[in-house]
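First up is the structure itself, then whatever we jot down about it.
All of the numbers you see were taken from the coordinates with simple rules; none came from a lab. Small disclaimer: the values here were computed from a predicted structure and weren't measured. We place every Cβ from the backbone using ideal geometry, glycine too, and count neighbours over all the protein chains shown.
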Amino acid sequence: MSITLIYPTPDAGWAGQRLEGVLNHTLAGQEVRAIRTAKKLVSLKGQRLLFALALGDTGTNLEYIRMLAQLRKEPKLLEGCTAGIIVDGAGELYTKSAAAELALALNRAGCALVGRPLVEATGSLANFDVQAKNLGADRMGAYRHAARELAERVETFSLPQKERPQLLVLHASSHHTSNTMDLWSKVRERVEGRCTIHEIGLRNGTLCDCSGCPYTMCLHFGEQGGCFYGGVMQDEVYPAVRTADALVLLCPNYNDALSANLTACINRLTALFRLTRFYDKAVFAIVVSGYSGGDVVARQVISAMNMNKSFYLPQNFALIETANAPREALALPGVEDRLEAFSQRILDTLCR
């Protein structure tokens, strides 16, 4: 299997020499098709992609902007593709925000992303200090190692499928007034015949957020299957995540952000993450905004669950709708078709 390298030509004044060197090291000896301009972004269905993006001091790359526009215009451009992302910045800002924006565009164009799909290089490479220490290497050595490891996973990864996969649904919404819950109920009707579904509501009771315990303490409690703060996370969520093949996050838009309880839940997954990666578990989301901003919340899910916590991101992972009044979501034009397509994506991703 070969890799297609999508590498938008950097702007004048930012040649991206460092990224060029890393790519030469990462892809040495491999059969590679390189795409440098938006006009060449064609005939890519079903391919393994490595998207390498060099950003200048202002966090921009004009050829990338043209590619971004094309990805957003063509929802089937990357159908069946699997990708990883390398973002190399001239400064200390914008690399991660650019990566989240790109990841959502790739995903909505039909592309899946492997767990932990991002290799991020800030201008100083200071974000590689921990990895460099663990590897006994310098920052550049850690950067090269991460890029090569990502390329190998992109080229070889395939999500396991099951006869009857386990689906864990996490929410913090009221069943009586929530458009998000209304949409999930329709999805559940379509998938429960082929999936075993476990729902956990985080709305009632106290869910403590992660307080950033020292690494050794977090690791200690994680090794015992728990967390210092216990509660619903230790008693219900951790065991359910361990056995789940996929998570479905129900995400109403609260002030252009995930709800507080859902955010706390994601943060508290760290103790479990200390012991294992979630590469072989998928994440889906239903995002409902009262007025706008569904893309902002979807990017947060990608950043937290796919880039950070290593969950696999299936193509078109999120159903994103806008509805305000109770029951409005189920009356949206074309919503039945979108519900059917989203439900079928869950089944196609998880089921043999």
Exercise for the section: Just flag the chymotrypsin sites (Phe, Trp or Tyr not before Pro) in the range 234-279 sitting in loop per DSSP whose Cβ has no more than 11 other Cβ atoms within 10 Å. Expected result: none
Completion exercise
Sorted by chain and then number, the residues having a modelled amide H within less than 5 Å of the amide H of residue 118, at least 5 places away or on another chain, are 85
Exercise for the section: Would you please give the residues with an amide H less than 5 Å from that of residue 52, counting only those at least 5 places away or on a separate chain, with H modeled from the backbone geometry? Expected result: 6, 7, 86
Exercise for the section: Among the GluC sites (Glu not before Pro) in the range 1-99, which ones are in a DSSP loop with at most 14 other Cβ atoms within 10 Å of the Cβ? Mind listing them? Expected result: 31, 92
Handout entry: Cα-Cα separations in the range 1-91 greater than 23 Å, expressed as whole percent
Key = 21
Practice task
Scan around residue 284 for amide H atoms under 5 Å from its own, H built in the peptide plane at 1.01 Å from N, and keep only partners 5 or more places away or cross-chain.
Solution key: 247, 248, 249
Practice task
Report, please, the projected area of the range 3-156 averaged over directions, based on the convex hull of its C-alpha atoms, in nm².
Solution key: 8.3
Problem - Mean Cβ count within 10 Å, highest first, over the residues of peptides 190-200, 262-272 - result: 262-272, 190-200
Problem - Where trypsin sites (Lys or Arg not before Pro) fall in DSSP loop in the range 1-98, at most 15 other Cβ within 10 Å - result: 36, 45, 76
Exercise for the section: Please work out the C-alpha center-to-center distance from the range 87-103 to the range 271-301 and express it in whole Å. Expected result: 19
Handout entry: Rg and Dmax [Cα atoms of the chain; Å; Rg one decimal, Dmax integer]
Key = 20.2, 58
Handout entry: Relative packing of 135-145, 172-182, which averages over residues the other C-beta atoms within 10 Å, highest first
Key = 172-182, 135-145
